[in-house]
Amino acid sequence: MLYILVSFVPWILYWVLCGMGSVIGIFTPLVISLFLVTTQIRKREFNLMDLTSIFYFSIATAGTFILGLNVFVKSSGFLGYLVLSFMALSSLAIKQPFSLQVAKRDYPEIYWKDPSFLAINNLITIVWAAIFVSNAAIFLLLARPFTIALSNILTTSGIIFSIVFPLKAPAYFATKEFKKYDWRVEVNPQNPKGADEYDAIIVGSGIGGLTCGALLSKRGYKVLVLEQHHQVGGYCSSFERRGFVFNTGVEDVSGLWERGPVTYLLRELGLEKGDLFVRNTTGYIFRGREIKAENLEEFIKQLSDMFPAERENIPSFFIEAKKAYDECYKDTEIYGTPLPAELIVKVFGERKLLNYPKEHPHFYDWMNKTYKEKLNEYFKNEDLKELLCVLLGYTGTEAEKTPASSALTTCVSYYLYGGYFPKGGAQRFANSLKDAIESRGGKVLTGSKVDKILVEDGEVRGVKVGEEILKAPIIVANANAKTTFLELIGEDKLDKTFVEYIKGLKMSPSCFMVFLGVDMDLSDYPTLIKDLDGDYEIVINSNADPNLAPEGNASASITILTDANYYDFPERGTEEYSSKKVKMAEALIHKVEEVIPGLSSHIIVRDAATPKTFERYTSMPEGALYSFDQSIGVKRPYFKTPIKGLYLASASTFPGGGIEAVVISGIICANEICNWEVKAEW
């Protein structure tokens, strides 16, 4: 607005001096306009309003002093505002609103094509066009002092609007829908409660729910966690067969770097990272070539050797990726986690959101592109781009449908800061969170299926487990959102539009897994082997933790995402289902023998899991790995719901699937329940 005010100076002098009948009001604005444009010549960034000023005042000067015309003095108000009207309307016609040219001075270039930025400046220019047209009409139709008073009122209103609207608009659009759900439930943990009463009941014991429960327990809340299965953890769990331990999905955990959310959670609960996690070693097989790297530098070197024509672009890509990733997590020092736009406004204020592009320029760029677009910016070699998409299995999406920001935090981050394997198996990490709840007075009950979340007058009252009623003003659903709303709440308690939205959400892909206990020493292999040629992944669990297999033996899991469509599998318990499961397992083992020769002849224990297996044990519809589809444009439900007191802490809500992501959802949920009063302790 300051730049616009400066551009207004020649016009203000014009109207004031000519209003006094002085011809100096013609020449003086021309001199000032020339000075303003001269300062812009060096930068080659011209302000349309200043160029218009030079054009108009040049004609006015010539007409007044050479031709002796008095019209530019006598009708200064009408002519001036008429010209400015034409300038504003013309800028809109060519889709270059004049306020946009000015606003670009205040924002990084990546913001210039942002839809909200363009929309805001279009509206500001429309408002000014309306003001200019109105003022021209006022000076044409009315006489003093009405012309002066009304034009000044309109112009002042435009200035105020131009100052306030850019601040309020992003916050308004970011929170417009969320505000419908932004209720507040007051809970005093100090108040006495009956045996069947709790401050918060958590339905499901996945990592998102356990994270929320552990943090609330630490902060003095009376917490109850209810889990239908015989053990906690959801996908973050393990099982044992004849001395071999296998994880049901978790193998490579991010968020364990210095400012990572999982690191924050462990510190909050007094847990040691070294006791629970070990850094993974990873190998890739691509076009028949093996790639092994202990760190990012080694990875860059190997990629540079493989793709010499991209030698300069490869480090540049990772340098920018690191800048963007660090920017994403720069605010975690306050609450332990990145926040979505609506919470940035709520927790930090409107100006924080307005300044987000300035403070996070690299990450903001990734937010507004697909991963494919980002790869295309740096690389021409299609094989290299394909190789850098290998970790997109962690999102279940394709590069052209993956937000670059999601690829950055979910995939590229592993190259930057590494991934970690849960020591003792994934179950140990889940049990550690369970212990953190119970050691602080909370309860975790397994084998306790919630049949109904009780709702009365649009607010939660508690849950029903069998014939037992358990009461709480806060319910945190760690179950999938479809299960939560359509089964545990019921459609009759919800708006029809919301129900249709939930029903329309597409589930993410699932997978097919084979679990093998073998009497082989596989310690010469990396813990993770990602075979792009065979389109599968091997996890040698016992390489990360030798205690997961008998001495001299190995525990391994094989995962394939392709050919794992939920609806391609017959019903569980049928002969067709068992036959398909066996055939798929044998075919996958045969594939893997290209990497680990003789594997099939050393199998002691073999088991397999289909999407329907995952659905049975986790109640996740279609056995989806990441809850809902994580492609660009898919909007997950907010963590606060249309039912007052009902929260979501799971892969169903921001930021999505994966251990780090659900930890973030649990941290956010706990912080919201505590009204954002607890700051991070780093």
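Strands (runs of 3 or more DSSP E) wholly in the stretch 460-542 with at least 3 residues that are surrounded by fewer than 22 Cβ atoms within 10 Å (Cβ to Cβ) and over 28 Å from the mean Cα position of the chain (by Cα) - which ones?
On the way: elements: 468-471, 475-477, 512-518, 528-531, 536-540.
By residue number, 468-471.
Does any residue of the stretch 71-79 turn out to be surrounded by fewer than 15 Cβ atoms within 10 Å (Cβ to Cβ) and among the aromatic types (Phe, Trp, Tyr)?
No, the conditions are met nowhere in the stretch 71-79.
Scan the stretch 174-192 for residues that are over 21 Å from the mean Cα position of the chain (by Cα) and surrounded by 14 or more Cβ atoms within 10 Å (Cβ to Cβ) and report the count. Give the steps one after another, and end with the answer.
So in the stretch 174-192, the residues over 21 Å from the mean Cα position of the chain (by Cα) come out as 183-192.
Still in the list and also surrounded by 14 or more Cβ atoms within 10 Å (Cβ to Cβ): 183, 185, 187, 189.
Looking only at that region, the number is 4.
Within the stretch 348-406, considering only helices (runs of 4 or more DSSP H) that don't extend past its boundaries, which have at least 1 residues that are surrounded by fewer than 22 Cβ atoms within 10 Å (Cβ to Cβ), β-branched (Val, Ile, Thr) and modelled with pLDDT under 95?
On the way: elements: 350-354, 356-359, 361-367, 371-378, 382-387.
Because the criterion is at least 1 residues that are surrounded by fewer than 22 Cβ atoms within 10 Å (Cβ to Cβ), β-branched (Val, Ile, Thr) and modelled with pLDDT under 95, no helices (runs of 4 or more DSSP H) in the stretch 348-406 meet it.
Which members of the stretch 1-46 meet the condition of being polar (S, T, N, Q), surrounded by fewer than 16 Cβ atoms within 10 Å (Cβ to Cβ) and part of a helix (DSSP H, G or I)? Full working, then the answer.
Taking the stretch 1-46 first, the residues polar (S, T, N, Q) are 7, 22, 28, 33, 38-40.
From what is left, the residues that are surrounded by fewer than 16 Cβ atoms within 10 Å (Cβ to Cβ) are 22, 38-40.
Across the stretch 1-46, the qualifying residues are THR38, THR39, GLN40.
Look at the stretch 332-347 and say how many of its residues are under 13 Å from GLU258 (Cα atoms) and outside any helix (DSSP H, G or I).
Of the stretch 332-347, the ones under 13 Å from GLU258 (Cα atoms) are 332-333, 336-337.
Filter once more, keeping what is outside any helix (DSSP H, G or I): 336-337.
Number of matching residues: 2.
Search the stretch 566-585 for residues being out of contact with any strand residue (DSSP E or B) (no Cβ under 7 Å at 6 or more places or on another chain) and surrounded by 14 or more Cβ atoms within 10 Å (Cβ to Cβ), and hand back the single one that is farthest from ASP524 (Cα to Cα).
Initial filter on the stretch 566-585 (out of contact with any strand residue (DSSP E or B) (no Cβ under 7 Å at 6 or more places or on another chain)): 566-580, 582-583.
Retained after the next criterion (residues that are surrounded by 14 or more Cβ atoms within 10 Å (Cβ to Cβ)): 566, 569-570, 577, 580.
Working: TYR566: 35, PHE569: 36, PRO570: 39, TYR577: 36, LYS580: 32 Å.
Step by step, filter the stretch 566-585, then rank; the result is PRO570.
Here is a check on your reading of the model: is GLY233 in contact with a Pro (Cβ under 7 Å, 6 or more places away or on another chain), in contact (Cβ under 8 Å) with a residue 12 or more places away in the chain and small (Gly, Ala, Ser)?
Values: in contact with a Pro (Cβ under 7 Å, 6 or more places away or on another chain): no; in contact (Cβ under 8 Å) with a residue 12 or more places away in the chain: yes; small (Gly, Ala, Ser): yes.
For GLY233, the condition - in contact with a Pro (Cβ under 7 Å, 6 or more places away or on another chain), in contact (Cβ under 8 Å) with a residue 12 or more places away in the chain and small (Gly, Ala, Ser) - is not met.
Quickly run through the stretch 610-653 and pick out the residues that are hydroxyl-bearing (Ser, Thr, Tyr) and part of a loop (DSSP other than H, G, I, E, B). Steps first, answer last, please.
The initial filter retains those residues of the stretch 610-653 that are hydroxyl-bearing (Ser, Thr, Tyr), namely 610, 613, 617-619, 626-627, 631, 638, 641, 647, 650, 652-653.
Those that are hydroxyl-bearing (Ser, Thr, Tyr) and part of a loop (DSSP other than H, G, I, E, B): THR610, SER619, TYR626, SER627, SER631, TYR638, THR641, SER650, SER652, THR653.
Might you let me know whether the stretch 145-163 holds any residue that is in a loop (DSSP other than H, G, I, E, B), over 24 Å from VAL6 (Cβ atoms), free of Cβ contacts under 8 Å to residues at least 60 places away in the same chain and touching a Phe, Trp or Tyr at 6+ places or on another chain (Cβ under 8 Å)?
no
Go through the residues of the stretch 114-125 one by one and say whether even a single one is surrounded by fewer than 16 Cβ atoms within 10 Å (Cβ to Cβ), of a type in the set (S, T, N, Q) and outside any helix (DSSP H, G or I).
Within the stretch 114-125 (the criterion being surrounded by fewer than 16 Cβ atoms within 10 Å (Cβ to Cβ), of a type in the set (S, T, N, Q) and outside any helix (DSSP H, G or I)), the answer is no, since none of the residues qualifies.
Search the stretch 500-522 for residues that are more than 25 Å from ASN553 (Cβ to Cβ) and pair each with any residue that is part of a strand (DSSP E or B) when their beta-carbon atoms are under 9 Å apart and the residues are at least 6 apart or on different chains.
Every condition considered, the pairs that remain are LEU505/PHE628; LYS506/PHE628; MET507/PHE628; SER508/PHE628.
I'm trying to understand the selection: among the residues of the stretch 562-595, which are part of a loop (DSSP other than H, G, I, E, B), β-branched (Val, Ile, Thr) and under 38 Å from the mean Cα position of the chain (by Cα)?
Within the stretch 562-595, THR562, VAL595 meet the criteria.
Condition check ((1) assigned by TED's automatic domain parsing to the domain that holds ASN543; (2) modelled with pLDDT of 95 or more; (3) of a type outside the set (Asp, Glu)) across all residues:
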site	(1), (2), (3)
ASN295	no, no, yes
PRO308	no, yes, yes
ILE314	no, yes, yes
ILE319	no, yes, yes
TYR335	no, no, yes
GLU342	no, yes, no
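Do you know which residues across the stretch 619-655 are polar (S, T, N, Q), under 18 Å from the mean Cα position of the chain (by Cα) and surrounded by 23 or more Cβ atoms within 10 Å (Cβ to Cβ)? Let's see the steps before the verdict.
Quick first cut of the stretch 619-655, residues polar (S, T, N, Q) only: 619, 627, 630-631, 641, 650, 652-653.
Within this subset, residues satisfying the condition of being under 18 Å from the mean Cα position of the chain (by Cα) are 627, 630-631, 650, 652-653.
Within the stretch 619-655, SER627, GLN630, SER650, SER652, THR653 meet the criteria.
So, ILE604, is that one in contact with a Gly (Cβ under 8 Å, 6 or more places away or on another chain), under 22 Å from ASN675 (Cα atoms), at pLDDT 95 or above and not assigned by TED's automatic domain parsing to the domain that holds GLY288 or not? Talk me through it step by step, then tell me what you get.
Numbers: in contact with a Gly (Cβ under 8 Å, 6 or more places away or on another chain): yes; under 22 Å from ASN675 (Cα atoms): no; at pLDDT 95 or above: yes; not assigned by TED's automatic domain parsing to the domain that holds GLY288: yes.
No: the conditions fail for ILE604.
The values are calculated or read from the model by the stated rules, or taken from the named source; none is laboratory data. Keep in mind the model is a prediction, meaning the values are calculated, not measured. We place every Cβ from the backbone using ideal geometry, glycine too, and count neighbours over all the protein chains shown.
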